[in-house]
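Here the structure comes first, spelled out in structure tokens, and everything after it is commentary.
The values are calculated or read from the model by the stated rules, or taken from the named source; none is laboratory data. Because the structure is predicted, anything quoted here is derived from the model rather than measured. Cβ atoms come from the backbone with ideal geometry, glycine included; neighbour counts cover every protein chain shown. Remember, those area values only see protein heavy atoms, side chains included, never the ligands or the DNA or RNA. Shrake-Rupley method; radii C 1.70, N 1.55, O 1.52, S 1.80 Å.
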Amino acid sequence: QVQLVESGGGLVQTGGSLRLSCAASGRTFSPPTMGWFRQAPGKEREFVAGIKWSGGSVYYADSVKGRFTISRDNAKNTVYLQMNSLKPEDTAVYYCASSRRLGQQLVSGYDYWGQGTQVTVSS
């Protein structure tokens, strides 16, 4: 079993920055893919960013390219999401997740999820 715990959310003004962290624990942790998703009120959960655990190749949703950066620290079993130039439309609960498959962008492609952390961007 894998446990994922997100932290780092909060309230920030438009144009501000936040860094989210996702700490993993449980059995030997080396999933092919880690991802960040978000879900705004009344909307479906959507993919934000993904990273290949081994090698570190990354990919992003078009809506966050150039503003968000996903990274990982293998030694700490932690994935980060650096969010810059935040906009009110980035307001959502952000979730990290792990997948046993490569390059996943669908919610159904992920196996373990954290509890989520709220990010609110005020205008």
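For the chain, build the charge dipole from Cβ charges (+1 Lys, Arg; -1 Asp, Glu) around the Cα centre, then report which of Y60, Q118, G16 sits farthest towards its positive end. Checking the options against the dipole of the chain, the answer is Y60. Solvent exposure of the chain amounts to 50 Å² per residue of accessible area, where only protein heavy atoms count and the probe is 1.4 Å.
I need the GluC sites (Glu not before Pro) found in the range 1-85, filtered to DSSP loop residues with at most 11 other beta carbons within 10 Å of theirs. Can you show the working numbers first?
Working: sites: E6, E44, E46; in loops: E44.
Taking the range 1-85 and a limit of 11 other Cβ atoms within 10 Å, the loop GluC sites (Glu not before Pro) found are E44.
Each of S85, S123 has its accessible area taken with a 1.4 Å probe; listed largest first, they run S123, S85. Annotation note: trypsin sites (Lys or Arg not before Pro) in the range 1-83 located in DSSP loop regions with a Cβ neighbour count of at most 14 within 10 Å are R27, K43, K65.
Provide the net charge surrounding D90, with neighbours chosen by a C-beta distance below 9 Å and charges set as Lys +1, Arg +1, Asp -1, Glu -1. Each step should come with its number before you reach the end.
On the way: positive: R38, R67, K87; negative: E89.
Charge balance near D90 sits at +2.
Springs join every pair of Cα atoms under 10 Å in this Gaussian network model of the chain, and among Q39, Q105, Q13 the largest mean-square fluctuation is at Q13. Computed about its Cα centre, the charge dipole of the chain is approximately 260 debye, with only Lys, Arg, Asp and Glu carrying charge at their Cβ.
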